[in-house]
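**Q** This is the structure, below, for whatever I ask next.
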Amino acid sequence: MNPIAQELNQIINGSNPHIFEMLSDMGKALFFPKGILSQSAEAKQKADKINATIGIAKEGNSVLSLSSITKYIKDIEPDDYLPYAPSFGIPALRNKWKSDLYQKNPSLKNKKISLPVVTSGITHGVSILSDMWVNTNDVIVLPDMMWGNYTMTFCVRNSGRIVHYKAYDDQLTRFNIDSFEKVMRQQAKENDKIVTVLNFPHNPSGYSLSVSEADRVAGILIDIARQGTNVVVACDDAYFGLFFEEQTSKESIFTKLAGADKRLVAIKLDGATKEDYVWGFRTGFITYGVFGDDDNVLEALEKKTGGCIRGNISNSSHLSQTILLKSMADENYEVYKKEKFDLLKRRALKMKAVLKDPKFKDAFDVYPFNSGYFMCIRLKDVDAEELRLHLLDNYGTGLISIGKKNIRVAFSCLEESDVETLFDIILSGIDDLRKG
């Protein structure tokens, strides 16, 4: 094993051996190399005459560039977006995102968290999570309704083993915390380590926990850790902030888990992709919260994460990070975000109002939704994929089928004026299939 990796492992193991135990084999082997990058960094500080270390092209004191590219980016100097970004991300953006995490999650006050590492979107963050914390046959506890890419990331890439709990009770009245607890405690009896992902607002159903529900979920995880099982909890907060109802918890459950127990590692996955409506920027963040006040452990985890990025994509887009940082510094930033939030909230509330019509009750049930981009319906007696294709072919209407019974509707891209029309079309399609 590389000596730098060994040094990082000694720091982690010396402070909290349970964290070291939870790392995957790859996670234990990861390190951030002191090769060309560190030599270039030293040269940047000291080489005031000639610096021939940088793997980019320069002319004079500026980066070499093509006018056919730079002409489209008027207000940013090429030196601020064409060179490579650090593998960890632009330092100013990392610090800004961290300070905003404390503002958006007041319960983090007095809790120590790592400096966020920039990822290429949340998908990349989930991939890093899997590489660093999932070994072959490790158990990942997830709801039966989940983002399909988890299977690709955890199982195909890292040979993990997903175990499901029921996301909702049979009547679709609430998130099924009883099933979550039952599965988690059963897996704790059978395994020394459990990985779970808490995804709220939930994709695909658009549900977020209430404050009391979040307290109960966090309590279950902390209790399992205290009883001797190592627990890795990732908070997939892709749609964070899009909470449309008063009783919904407005903070990430990460705030309740960070530092809660020596056997629990809390990992927060964020994406400016949804929070700031910059999907194609592919800019996300991964942040750690662990037991104790050892800055060295958090820094060691950051370095392993940076090494994971360095050995995979090298670094995330410099241009995307630069524009995002400038956006967050804009005096009207919060005003602009509030405008978009209100737009999505109106669509969600319109959908709730329309679905109160009793004419839909014999055709489908509605999963609880109060946040995010999506909502789902459960069909009574027609096949979801058959209905999807029928609506596409005969009504020019596109939806997503999930399994045999579920249809996902993205109200994020649906005009408020089209909501009632959409569900009338769905009802017509169901009637068509019933008639055969």
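Values in this text are rule-based calculations from the coordinates and carry no lab data. The model shown is predicted, which means the values in this text are computed figures rather than measured ones. Glycine gets a Cβ as well: all are built from the backbone with ideal geometry, and neighbour counts include every protein chain shown.
**Q** Mind putting together the pair-distance distribution for the stretch 1-114? All Cα pairs, 10 Å bins, whole percent per bin, short to long.
**A** The percentages, shortest bin first, are 10, 24, 30, 23, 12, 1.
**Q** At a threshold of 8 angstrom on Cα-Cα distance, excluding pairs fewer than six apart, so keeping six or more, what relative contact order does the stretch 334-435 reach in percent?
**A** Reported relative contact order: 29 percent.
**Q** Expressed as a whole number of Å, what is the distance separating the alpha-carbon centroids of the stretch 304-320 and the stretch 409-436?
**A** Using only Cα atoms, the two centres lie 42 Å from each other.
**Q** Can you work out the Karplus-derived ³J(HN,Hα) for every residue in the stretch 242-249? Use 6.51 cos²θ - 1.76 cosθ + 1.60 with θ = phi - 60°, whole Hz, and x for glycine or proline.
**A** 8, 9, 9, 10, 4, 7, 6, 4
**Q** With the cut-off at 29 Å, tell me which of the pairs 250/356; 71/345; 28/49 have Cα atoms farther apart than that. Walk me through the numbers before you get to the answer.
**A** On the way: 250/356 25 Å; 71/345 37 Å; 28/49 40 Å.
In this structure, 71/345; 28/49 lie more than 29 Å apart at Cα.
**Q** Subtract the Cα-Cα distance of residue 418 and residue 59 from 0.36 nm times their separation in residues, and report this length gain in nm to one decimal.
**A** Contour length minus the Cα-Cα distance gives 123.8 nm.
**Q** Take the alpha carbon atoms of the stretch 334-435, find their radius of gyration, then divide it by 2.2 N^0.38 Å using N residues; give the quotient.
**A** Rg over 2.2 N^0.38 Å, computed on Cα atoms: 1.09.
**Q** I've got another one for you. Determine, for each peptide in 289-301, 72-84, 55-67, 339-351, the mean count of other beta carbons within 10 angstrom over its residues, then list the peptides with the highest first.
**A** For the peptides 289-301, 72-84, 55-67, 339-351, the packing ranking is 289-301, 339-351, 72-84, 55-67.
**Q** Ok, one more. Let me check I've understood the local charge: for residue 259, count other residues with C-beta under 14 angstrom from its C-beta, Lys and Arg +1, Asp and Glu -1. What total comes out?
**A** +4
**Q** Within the chain, which whole H helices from DSSP have a Cα span along their axis of at least 27 Å and a mean Kyte-Doolittle hydropathy of -1.0 or more, if any? Intermediate values should be presented prior to the final figure.
**A** Working: long enough: 333-354 (32 Å, -0.79).
Helix filter hits for the chain: 333-354.
**Q** To continue, here is another question. Taking H placed 1.01 Å from N in the peptide plane, check which residues at least 5 places from residue 32 or on another chain put their amide H under 5 Å from its amide H.
**A** Hits under the 5 Å cutoff: 307.
**Q** Another question about this same structure. Going Cα to Cα from residue 303, which aspartates and glutamates come in below 13 Å? Please leave out same-chain ones fewer than 8 positions away.
**A** Correct list for residue 303: 7, 295.
**Q** Quickly estimate the mean residue ellipticity at 222 nm for the chain, helices only: each DSSP H run with n ≥ 4 gives -39500 (n - 2.57), and the total goes over all residues, rounded to 500.
**A** Calculated mean residue ellipticity at 222 nm is -13000 deg cm²/dmol.
**Q** Looking only at the chain, where both bridge partners belong to it, what percent of the DSSP beta bridges are antiparallel (to the nearest 5)?
**A** Antiparallel bridges: around 55 percent, rounded to the nearest 5.
**Q** If you don't mind, another one. If the viscosity is 1.306 mPa s and the temperature 10 °C, what Stokes-Einstein diffusion coefficient in µm²/s follows for the chain when Rh is the Kirkwood radius over Cα pairs?
**A** Rounded to a whole number, D works out at 68 µm²/s.
**Q** Moving on. Quick check: residue separation of residue 77 and residue 189 times 0.36 nm, minus the Cα distance between them. What number comes out in nm?
**A** Values: separation 112, 0.36 × 112 = 40.32 nm, distance 5.70 nm.
That pair, residue 77 and residue 189, stretches by 34.6 nm at full extension.
**Q** Just grab the label-to-label distance for residue 349 and residue 49, each label 7 Å out from Cα along the Cβ direction, in nm (one decimal).
**A** 6.9
**Q** For residue 199, list long-range residues whose amide hydrogen, built 1.01 Å from N in the peptide plane, is under 5 Å from its own amide hydrogen.
**A** Close amide H contacts, sequence-distant or interchain: 236.
**Q** State, to one decimal in nm, how far the label point of residue 293 lies from the label point of residue 432, with both points 7 Å from Cα in the Cβ direction.
**A** Result: 6.6 nm between the two label points.
**Q** Report, ordered by chain and residue number, the lysines lying within cross-link reach of residue 74, taken as a straight Cα distance under 30 Å and ignoring same-chain residues fewer than 8 apart.
**A** 44, 58, 96, 98, 274, 326, 337, 338, 340
**Q** In straight Cα distance, which aspartates and glutamates are under 19 Å from residue 352, not counting same-chain residues fewer than 8 positions off?
**A** 245, 246, 342, 362, 365, 415, 416, 418, 420, 424
**Q** Between the DSSP loop rule and a limit of at most 10 other Cβ atoms within 10 Å, which chymotrypsin sites (Phe, Trp or Tyr not before Pro) in the stretch 121-180 are left?
**A** none
**Q** Report the local net charge at residue 18: Lys and Arg +1, Asp and Glu -1, summed over other residues whose C-beta lies under 12 Å from its C-beta.
**A** Local net charge: +1.
**Q** Taking the Cβ of residue 169 as the centre, find all other residues whose Cβ is under 14 Å away and add up their charges (Lys, Arg: +1; Asp, Glu: -1). Please report the intermediate quantities before stating the final value.
**A** Numbers: positive: 166, 174, 182, 378; negative: 144, 170, 178, 181, 213, 365.
The answer is -2.
**Q** Would you mind computing, in nm to one decimal, how far apart the modelled labels at residue 226 and residue 171 are, each placed 7 Å from Cα along Cα→Cβ?
**A** About 3.1 nm, to one decimal.
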